[in-house]
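The values are calculated or read from the model by the stated rules, or taken from the named source; none is laboratory data. This is a predicted model, so every value here is computed, not measured. Using ideal geometry, Cβ is built from the backbone for each residue, glycine included, and neighbour counts are taken over all protein chains shown. These accessible areas exclude ligands, DNA and RNA; they are computed on the full protein's heavy atoms, side chains included. Shrake-Rupley method; radii C 1.70, N 1.55, O 1.52, S 1.80 Å.
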Amino acid sequence: MLEQLEQLYQQALAEIEQITDAESLRAWEIGYLGKKGSITQMLRSTGQLPPEQRASFGKRANQIKLDLTAAYEAREKLVREQALARDLEEGQVDVTLPGRARPTGGLHPSTQILRQLYAIWAEMGFQVYRSRDVEDDDTNFTLLNIPPHHPARDMWDTFYTTTPGVILRTHTSPGQIHAMRDLGGNGTQPIRVILPGMCYRYEQVTARSEMQFHQLEGLAIGRSIRMSDLKGTITAFAHRMYGAHAAVRFRASYFPFTEPSMEVDVECFLCGGKGCRVCKYAGWLEIAGAGMVHPEVLRNGGYDPTVWSGFAFGMGPERMAMLKYRISDIRYFWQNDLRFLEQF
Ligand code: FA5
């Protein structure tokens, strides 16, 4: 029996040497060391031996069992390591390959230019005041000194709704009335705000004019605001926006809600004033309409025009973005063509 045991032992050692996978290893363990395994069986049959052989046989059999258990554990470790190495090899990541690009969204050019404007005006002490897109005729026109049938209404082609007197705002200027009434404390408080928002005009759509576009209105009300404050503020803005040496010029113009009124030009930053296609060889680009708030408008906002005065301006962010990024046609802005939008 001892001979048989030694043979089994050698056989078990030889077999385990060949094993390279966990499944065969498990089968090996069950076959030799399991409850019904051959070594276990041998140990159990020690009792059948003549008494004088039992002790030495039992000792040897136990030793063999320990040896085989150790061989099993060593092999198990090896098999596990080999499996891991194989897994790593198969699922290996080549870090030198280019990654898969993730599509990311971007900010619309109008949003970008608006944010730039907010930052500049914030630096100069102007807070954002949001006004409504859907207006009443009174606030969009009459309270801005444009009574019904006034010929100046022709300056703004209007989208009317089916509700009489309710329109889409044609400019951000009605926000002046809301801001004065809302923030003015019945004509007792100074105001310094910008009013950004979408405007709508029933206009012929061309390369320069859309039916919907943003405006950024500015309004400052105080006890002794003068034309020089308007000019200084606009010039400071232009220097921040277009560079410290950008020249600014003011041209007389007409808006019913400002007196005097003017248009603001900045020296063409593409040609430095020499004249190019973009500035139509004038050397100047128009950036805003502006003026001193009309006494009638101050009154409609709750202020006494003999004590209070103010200035206002209105600029067109899309036109500014067109100049900045040299966009040739305003219609690109709302067409949602990714080939256009992805450029910003
Ligand atoms: C106005 O709408 C006045 N409310 C501006 C103003 C405010 C004057 C406060 C005085 C005091 P105007 O119609 O010029 O003015 O428009 C102002 C700006 O809006 C223009 O310079 C232009 O940049 C932009 N704009 C006007 N119409 C369009 C359009 N159809 N498409 C794109 N931008 C436009």
Original post:
Can you tell which of GLU15, GLU52, GLU23 is surrounded by 12 or more Cβ atoms within 10 Å (Cβ to Cβ) and among the acidic types (Asp, Glu)?
Top reply: GLU15
**OP:** List every residue pair whose Cβ atoms lie under 7 Å apart, where the two residues are 6 or more positions apart in sequence or sit on different chains, the first residue falls within region 34-50 and is under 19 Å from ALA12 (Cα atoms), and the second residue, located anywhere, is assigned to a helix (DSSP H, G or I) and of a type in the set (Phe, Trp, Tyr).
**Re:** SER38/TYR32; ILE39/TYR32
Original post:
Using beta carbons and a limit of 9 Å, which pairs, at least six apart or on different chains, have the first residue in region 322-340 and at pLDDT 85 or above and the second one open to solvent by 90 Å² or more (accessible area, probe 1.4 Å) and within 11 Å of the ligand (Cβ to nearest atom)?
Top reply: MET322/ARG208; ASP329/ARG208; ILE330/ARG208; ILE330/ARG319
**OP:** Note down all Cβ pairs under 6 Å where the first residue falls in region 69-83 and is in contact (Cβ under 8 Å) with a residue 12 or more places away in the chain, the second is open to solvent by 40 Å² or more (accessible area, probe 1.4 Å) and assigned to a helix (DSSP H, G or I), and they're at least six residues apart or on different chains.
**Re:** TYR72/GLU29; VAL79/ALA22
Original post:
Pick from VAL264, VAL248: which is out of contact with any Leu (no Cβ under 8 Å at 6 or more places or on another chain), without any contact (Cβ under 8 Å) to a residue 24 or more places away in the chain, within 16 Å of the ligand (Cβ to nearest atom) and in the same structural domain as PHE311 (by TED's automatic domain parsing)?
Top reply: VAL248
Original post:
If only one of THR139, THR206 is modelled with pLDDT under 95 and of a type in the set (Val, Ile, Thr), which one is it?
Top reply: THR206
Subject >> Residue pairs meeting the criteria (Cβ under 6 Å; at least 6 apart or on separate chains; first within 12 Å of ARG251 (Cα to Cα), in region 283-310; second open to solvent by 10 Å² or more (accessible area, probe 1.4 Å) and of a type in the set (Asp, Glu)) >> reply: GLU286/GLU263; GLY289/GLU263
Subject >> First in region 129-151 and over 20 Å from ARG192 (Cα atoms), second anywhere and modelled with pLDDT of 95 or more and of a type in the set (Phe, Trp, Tyr), Cβ under 6 Å, 6 or more apart >> reply: ASN145/PHE257
Original post:
In region 148-156, is there at least one residue being of a type in the set (Asp, Glu) and modelled with pLDDT of 95 or more?
Top reply: no
Original post:
Hey, does region 204-211 have a residue that's farther than 17 Å from ALA122 by Cα and assigned to a strand (DSSP E or B)?
Top reply: no
Original post:
Give me the pairs: first residue in region 203-220 and under 19 Å from PHE313 (Cα atoms), second residue within 7 Å of the ligand (Cβ to nearest atom) and aromatic (Phe, Trp, Tyr), beta-carbon distance under 7 Å, and six or more apart or on different chains, which are they?
Top reply: GLY218/PHE313
Original post:
Which numbered condition trips up ASP137, out of (1) under 30 Å from PHE340 (Cα atoms); (2) surrounded by 15 or more Cβ atoms within 10 Å (Cβ to Cβ); (3) out of contact with any helix residue (DSSP H, G or I) (no Cβ under 6 Å at 6 or more places or on another chain)?
Top reply: (1)
Original post:
Out of region 181-219, which residues are farther than 20 Å from THR139 by Cβ and either within 11 Å of the ligand (Cβ to nearest atom) or buried (at least 17 other Cβ atoms within 10 Å of the Cβ) (or both)?
Top reply: ARG192, GLU203, GLN204, VAL205, THR206, ALA207, ARG208, SER209, GLU210, MET211
**OP:** Taking only region 154-180 into account, find how many residues are open to solvent by 10 Å² or more (accessible area, probe 1.4 Å), away from the ligand (no atom under 12 Å from the Cβ) and not in a loop (DSSP other than H, G, I, E, B).
**Re:** 4
Original post:
If you take the residues in region 220-229 that are over 34 Å from the mean Cα position of the chain (by Cα) and open to solvent by less than 40 Å² (accessible area, probe 1.4 Å), which one is farthest from the ligand (Cβ to nearest atom)?
Top reply: GLY222
Original post:
What are the pairs, 6+ residues apart or on separate chains, where a residue within region 94-118 that is assigned to a loop (DSSP other than H, G, I, E, B) has its Cβ under 9 Å from a residue that is open to solvent by 100 Å² or more (accessible area, probe 1.4 Å) and at pLDDT 95 or above?
Top reply: LEU107/ARG115
